[in-house]
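To start, the structure itself, in structure tokens.
We did not get these values from a lab; they are worked out from the coordinates using the rules stated. What you see is a predicted model, and the numbers here were worked out from it, not measured in a lab. Methodologically, a virtual Cβ is constructed for each residue, glycine included, from the backbone with ideal geometry; neighbour enumeration extends over all protein chains shown.
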Amino acid sequence: MAADVKPFIGSKASPHQESEAEELRKEHLMLDPMPRDEMNQMVMEAMTTTTRKWWAWVIGLGLAVAVLLFGAWGYMIATGMGVAGIRRPVYWGIFIVTFVFWIGISHAGTFVSAILRVFKAEFRRPFTRAAELMTTFGLAAGALYPLIHLGRVWVFYWMVPYPNARWLWPNFRSALVWDFLAITTYLLSSTIYLFLPLIPDMAMARDRSTGWRHFIYKLLALGWRGTEAEWFRLRKAISIFAFAIIPVMFSVHTIVSWDFAVSMVSGWQSSIFGPYFIIGAILSGISAVVTILYILRSTMKNMDYFIRKEHFDALGKLILIFSMSWAYFFFNEYILAWYGGDEALKQVLTLHATGPSAWVWYTMLICNVAIPWLFLWNKKVRRTPWLMFIITLLVNVGMYAERYTIIPLTLGHQRSPFDWGIYNPTIIEVSIALGTLCLFIFLYLIASRIIPLVPVWEVQEGQMSHTLRKIGKTEIPSVTELE
Amino acid sequence: METNVRMILFKEDQVDQASEAIETLHHHGISDKDISVISGVPFSEKILGRPMSWTRVPQIAVAGALFGFIIAMLLNFLVPNLYKLSVGGMPLTPIPTSIVVTFELTMLGLLISTFLGVFIEMLSPSFGPKGYHPKISDGYIGILFNCPIHADEDTCFELQDLGAEIVDVAEVKQP
């Protein structure tokens, strides 16, 4: 069916209609079907092609992770937390900023895969896995920070809910314990959510590989044959996950926001911090998906067939919507704080906009609001992948600036002026932050050659359910519900 | 009655023929329990005219959620009573903060058990004729059936007329 989809349902097509259909096929992946074996071949080829350049990146990034992340972290463990720039009055610095940033990035996979799946947004099909991988690796990078920030990392197990020798349990009323539970829940569930739809693709890879690859894929395919019962239970499980992981995703960033909001710090104690953080996380996550898709499309074989301009266009619209939503929450938060007349809070807001680090605040507003609003309304911009790459990179710079503004810039100017201070991150902190970025890219690079990045069965299923339908004098894409 | 395990393949665009083939098998007295359909993309039972599949994954998921909920209750309300620490007049077992822990652990139980449900069912023995062909992951639809030896030839001819590709018995194997 996918191999020779009839271009029209309704009547015989004229040459003009044929050319229109050709245009639509070029435009939409779902209307441009290819035999499944060819698609499998393309995905396998993309996965098994490793150039010298790729190896150079892997080795370079591996070294960067070893030096920037583990080297700097090891030095900090051996020397003490004094090598970090966090000191009175700013005890939360780049470690927490980067932690919130990575947890935010991790919202991409769930949003793209779960929410768009629930709402049957068809454009999601070719890149759900690329986004889910971001979630898993983003969380892996983020989950390092509570350990890094802990200082005495060898006692990390004190966070785990079990009693010590005196039968003292962790305090379950603490937002930090909620954090531990939420991140653990999200990391486990998003990893499983990545794995479940991967099973049929693992079977596909199993059937086309030899040696160590065959062994791994055979193991991970769990004996998949594609029987009716297997498909039925897989769909049930994916459906349960798609619905259940959405509230978990909301809870994670809400709880991260509560790390701040439950305290009595001016600028942090806010009832809308939960939704404000979630919107920011989704904005940052979707932007990161676009950035990754551009890199995949430009560097991996055959990806231009699967990732098309239509996908950048659709994601660009979402980024514009979430940028507007973020601005709404930001303004809501800002105006009430400004109007409330609390002197300490007013000082914090004035400092953000006019203090020595005001450039961070303006970077946040320019990258999160001005740039998306100025450019993303334009269809041509949304359909230009390299422009989208730059815009989405800038959005994430803006989101990092937002977290920097909320955390160290706010903490430095609290209620007692004698206790004001400026936070200067040290090279160790910056190195660790860059190290986790390298770790994320490193893991992604490795995974891109082990895991089929395109869910081929989902793409084929989508192509089978799409067709062109002639209504009046024109043809429109039409979708059939196969489920 | 002696039977052979037979496998026929239809291309991805021959869904109608595949459903007709199942109908043909029924006419030859081969019941649904002697037929298995395997495919590279999911087809609902209604499309191929097959009986509904079953799974216990939702029940296992609910059981897991209940387990997570009970653990959360123990952590929230039993643990603080094991070693009472009164802090600044704060309640020992406040309900609002317990909701957070309860939610996270219930969801964790639900999601992990969903996966375990899939995992257990995947590794459990399945009913019906077994076999596999690598063409399935190329989008082919495979129909496996236990064919009575005496009707083997006639059935195969009829299925071939529908466009089926008959797989040699020796090629029908496990993945």
For the peptides A:279-290, B:7-18, what is the packing order when you average, over each peptide's residues, the other Cβ atoms within 10 Å and list the highest mean first? A:279-290, B:7-18
Tally the DSSP beta bridges in chain A and give the antiparallel ones as a percent, rounded to 5. 90
Out of residues 5 or more away from A:His466 or on other chains, whose amide H comes under 5 Å of its own, with H placed 1.01 Å from N in the peptide plane? A:Thr480
Could you please state, rounded to a whole Å, how far the C-alpha centre of region A:240-278 is from the C-alpha centre of region A:16-38? 43
Whole-angstrom gap from region A:182-210 to region B:48-126, using each part's C-alpha centre: 22
So which helices of chain A fit the span-like rule, where a helix is a whole DSSP H run, its Cα atoms reach 24 Å or more along the axis, and its mean Kyte-Doolittle is at least -1.0? A:128-150, A:175-195, A:228-261, A:273-299, A:309-340, A:385-404, A:427-448
Given a cut-off of under 8 Å on Cα pairs at least six residues apart, what relative contact order in percent is computed for region A:80-180? 25
Run the quick spin-label model on A:Glu45 and B:Phe127: label points 7 Å from Cα toward the beta carbon, then report their separation in nm to one decimal. 4.4
Using a Förster radius of 25 Å, what is the FRET efficiency between B:Ile120 and A:His214 based on their Cβ-Cβ separation? Nearest 0.05, please. 0.50
How large is the helix-only mean residue ellipticity at 222 nm for chain B, computed as the sum of -39500 (n - 2.57) over DSSP H runs with n ≥ 4, divided by its residue count, in deg cm²/dmol to the nearest 500? -14000 deg cm²/dmol
Base-10 log of normalised Debye intensity for region A:85-225 (one unit scatterer per alpha-carbon) at q = 0.14, 0.16, 0.18 Å⁻¹: -0.84, -0.96, -1.06
Contour minus Cα-Cα span, A:Glu18 to A:Trp373, at 0.36 nm per residue, comes to 124.1 nm
Using the Kyte-Doolittle scale, find the helices of chain B whose mean hydropathy is at least 0.0 and whose Cα atoms extend 30 Å or more along the helix's long axis, counting only whole DSSP H runs. B:95-123
Residues of region A:144-163 with amide N under 18 Å of a point placed 7 Å along Cα→Cβ from A:Leu188: A:144, A:157-163
Which FRET efficiency value, to the nearest 0.05, do you get for A:Leu482 and B:Glu165 by plugging their Cβ-Cβ distance into 1/(1 + (r/R0)^6) with R0 = 25 Å? 0.60
Expressed in nm to one decimal, what extension gain is obtained for the pair A:Glu122 and A:Val67 from 0.36 nm per residue of sequence separation less their Cα-Cα distance? 15.6 nm
Label-to-label distance, nm, for residues given as A:Ala344 and B:Phe157 (7 Å Cα→Cβ offset): 9.3
Candidates B:Leu74, B:Leu25, B:Leu159: whichever shows maximal mean-square fluctuation once chain B is modelled as a Gaussian network with Cα springs under 10 Å: B:Leu74
Would you please give the FRET efficiency between A:Lys380 and A:Thr299, computed as 1/(1 + (r/R0)^6) with r the Cβ-Cβ distance and R0 = 25 Å, to the nearest 0.05? 0.55
Please compute the modelled spin-label separation between A:Val58 and A:Thr354, points set 7 Å along Cα→Cβ, answer in nm with one decimal. 5.6
